[in-house]
Every structure is written in structure tokens, then in C-alpha cells.
Amino acid sequence: MNDVKEWLQKNRVFLTVLISSLAIVLIVCTIIVLLLATPSSESRVTESLEEAVSKEELKSKKEDPAKKNLASPEKAVIDIKGAVKNPGVYGVTSDMRLIDAINLAGGFNEEADQSQMNLALRLTDQLMIYVPKEGEELTMEQRLKESAQSSGEMNEEGGNNETKVNLNTASSTELQTLAGVGAKKAEDIVRYREENGSFQQIEELKKVSGIGEKTYEALKGQLTVDE
């Protein structure tokens with residue numbers, strides 16, 4: 001017993017160092033085990049972000065087809081004739097305007113009477129566009145009639161009636177929204193109204209210079225004189 005006590009006293013420093021070292025090793029091992037068992041906050045954040053992105057992508061894939069169907073314009077085929085550089089049949093979409101069709105045909109040629117064209121006219125399937133040369137009023141009237149018929153077909157298919165233009169209150173710009181009415185005809189209508197007073201009935205439109213029976217027939221369904 002005495003021998004043990006003597007040995008402990010002689011090796012007291014050694015034992016203290018040994019016990020301290022073992023304690024340190026035990027603490028370090030415990031910390032390592034805890035770190036390996038618990039994900040870091042950065043890892044948890046990264047995993048949460050990845051999960052959120054995956055859910056958003058899945059949601060987008062489910063919604064995209066419906067959105068595309070709603071946004072996709074309808075395809076149409078039109079026939080462009082007259083004073084353009086490349087007359088012919090062209091494929092277009094329902095969100096395009098007459099100016100787009102003219103550009104598809106290479107633009108106006110040098111003989112074109114651009115003042116008679118309503119370049120904001122929306123394109124519809126089977127629409128025949130005739131670009132007149134200077135002085136081709138009769139041909140222009142025929143183009144007006146065809147444009148008005150096409151516009152009427154579009155309204156019937158869509159189930160919506162086009163808002164009529166009031167001859168007594170419409171500005172030159174508003175008059176140009178009529179199928180085939182360009183800046184010149186719109187100005188003639190406004191000038192007639194200023195010189196002769198309000199239109200009492202839409203038939204009086206035929207008294208405006210350059211508007212004949214065929215032009216009137218093509219436009220009458222789009223007009224009103226009601227205040």
C-alpha cells in the first residue's frame with residue numbers, strides 16, 4: 001500500500017498530465033460527433049433554397065402550357081395585291097396590323113396611294129388587301145368593302161359587336177379606325193361636317209367628296225350619327 005502511495009506521489013505530475021490529455025481528447029471527440037450529426041446552418045439554408053426552387057420550377061411547368069395557350073395569337077393567311085413591291089399570299093397572326101402586312105410584301109412601291117390606307121387595321125384570316133395606285137378610287141372602294149366584310153366575320157366569330165364611330169363627334173384619328181379610311185378621307189369627312197353642320201343620317205356620308213355608293217355600303221355598318 002505504501003508502495004502505491006509512493007508511486008503516485010512520484011508520478012503525480014505525469015498522472016495529472018495524462019488525465020488532462022484524456023479529458024481534452026474526450027471533449028474534442030464529443031464536439032466532432034456533434035458536428036457530424038447536426039447539419040450546419042448554411043447547409044440547412046442551402047437545402048431550403050434548393051427545395052423552394054424545385055417547387056417553383058414544378059409549379060411553373062404545370063402553369064406554362066395554359067398560359068401559352070391563352071397568349072398564343074391565331075394564325076391567318078392574307079392576300080396582298082396592288083402597289084406593293086412583292087404582292088402575294090402571306091402567313092400572319094391575329095395580333096398583326098396592316099402595316100405589318102405591307103412590310104411582309106416589301107413595302108409600298110412608288111405608285112402607291114398610302115393616304116387611303118388604314119395602317120392600324122387588324123389582320124384577319126382570308127383578308128384581301130388591295131393597295132391602290134394614285135387615282136384608283138374605284139379599286140379602293142372594292143377593297144373597303146372586302147375589308148368591312150372581313151371585319152364583320154371576325155365580330156360574328158368572336159361574339160362581340162364593334163363599337164360604331166359617330167360621324168358627328170369622331171376626330172380625324174378616330175375616323176381612321178374605320179376599315180380603309182385613311183388620313184385624306186378622314187379629313188374630308190371632318191371638313192364636310194364643319195362646313196355643313198352635323199350629319200342627320202349616315203346616308204349623308206355619300207355627299208362627302210370621294211365617297212361613293214360602294215364606299216358607303218362598305219362603311220355604313222360601322223357608323224352612327226346618334227349624339
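Observations on the model:
- Database remark: amide H of VAL92 closer than 5 angstrom to the amide H of ALA76, VAL77, ILE78 (H placed geometrically; neighbours at sequence offset of 5 or more, or on other chains; Pro and chain starts carry no H).
- Per-residue 3J(HN,Hα) values for the range 20-29, derived from phi via the Karplus relation 6.51 cos²θ - 1.76 cosθ + 1.60 with θ = phi - 60°, read 5, 5, 4, 5, 5, 4, 5, 5, 5, 4 Hz in sequence order (x marks Gly and Pro).
- In this structure the amide hydrogen of VAL165, modeled in the peptide plane, comes within under 5 Å of the amide hydrogens of LEU223, THR224, none closer than 5 places in sequence on its chain.
- Cα centroid separation - the range 180-227 against the range 108-127, whole Å: 20
- The string of couplings for the range 72-87 from the Karplus curve (6.51, -1.76, 1.60, θ = phi - 60°) is 5, x, 7, 7, 8, 10, 10, 10, 10, 10, x, 7, 10, 6, 9, x Hz, one whole number per residue in order, with x for Gly and Pro.
- Shown in residue order for the range 96-106 are the 3J(HN,Hα) couplings computed by the Karplus curve 6.51 cos²θ - 1.76 cosθ + 1.60 at θ = phi - 60°: 8, 10, 4, 4, 5, 5, 4, 5, 4, 8, x Hz (x for Gly and Pro).
- Nearest-10 value in Å² for the accessible area of ARG193, using the 1.4 Å probe: 40
The values are calculated or read from the model by the stated rules, or taken from the named source; none is laboratory data. Note that the structure is a prediction, hence the values are computed from the model and not measured. Calculation scope for accessible area: heavy atoms of the full protein, side chains included, ligands and nucleic acids excluded. Shrake-Rupley method; radii C 1.70, N 1.55, O 1.52, S 1.80 Å.
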